[in-house]
Amino acid sequence: MFFQVTPPDLDVYGHMNNSRYLALMDLGRMDLLLRTGINAHLKRMRWNPLVASVMIRYRRSLELGQKFTLKTRIMGWDHQWIYLEQAFYRQQELVGKALVKGLFFGPSGRIETYEALKEFGHTHTSPPIPDYIQQWDNAETSFAKEVLSQQ
């Protein structure tokens, strides 16, 4: 997806606001759902894609008027989660990269990933999940347990 930084995207320091990256990532994930045809299945089943966690690393700033690209790809999945990578590029230069951990949720609760993929007509196994994603997932799971224990 192609974008250009506009005045409402800027923070007080003149570069794209951190929250704007996250909002654009939502658009990137929706684009992926539409392009793969998954969105039609979600509507029919009354399922929603939900984001559980995001980790983002910023490398460079984006400033007013600069054009950039957002690329979204599925990195892998297990029985609970789907792991995505979303990367921002200005020309060929990496500006920022994020990992997203998500799931599908229906009227009766969480949908197992393999059940959802089967519904979408996808029967392949997950590509190997990179070690850095597994390590992030372990840390994020520990953090989630801490957050839930404070309710």
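The values are calculated or read from the model by the stated rules, or taken from the named source; none is laboratory data. For clarity, every value in this text was computed on a predicted model and none was experimentally measured. Heads up, the Cβs are rebuilt from the backbone with ideal geometry, glycines too, and the neighbour counts pull from every protein chain shown.
This table checks each residue for (1) over 30 Å from Lys67 (Cα atoms); (2) surrounded by 10 or more Cβ atoms within 10 Å (Cβ to Cβ); (3) touching a Cys at 6+ places or on another chain (Cβ under 6 Å).
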| position | (1), (2), (3) |
| --- | --- |
| Tyr83 | no, yes, no |
| Tyr89 | no, yes, no |
| Val95 | no, yes, no |
| Ser108 | yes, no, no |
| Asn138 | yes, yes, no |
| Ala144 | yes, yes, no |
**Request:** Starting from the range 48-76, keep only residues that are more than 30 Å from Glu119 (Cβ to Cβ), then list their pairs with residues that are exposed (fewer than 15 other Cβ atoms within 10 Å of the Cβ) and aliphatic (A, V, I, L, M) whose Cβ atoms are within a distance under 6 Å, requiring at least 6 positions of separation or different chains.
**Result:** Arg59/Leu94
**Message:** So, Leu117, is that one surrounded by 15 or more Cβ atoms within 10 Å (Cβ to Cβ) and either at pLDDT 95 or above or among the aliphatic types (A, V, I, L, M) (or both) or not?
**Reply:** yes
**Item:** Matching residues, the range 61-80, being outside any strand (DSSP E or B) and buried (at least 20 other Cβ atoms within 10 Å of the Cβ)
**Value:** Leu62
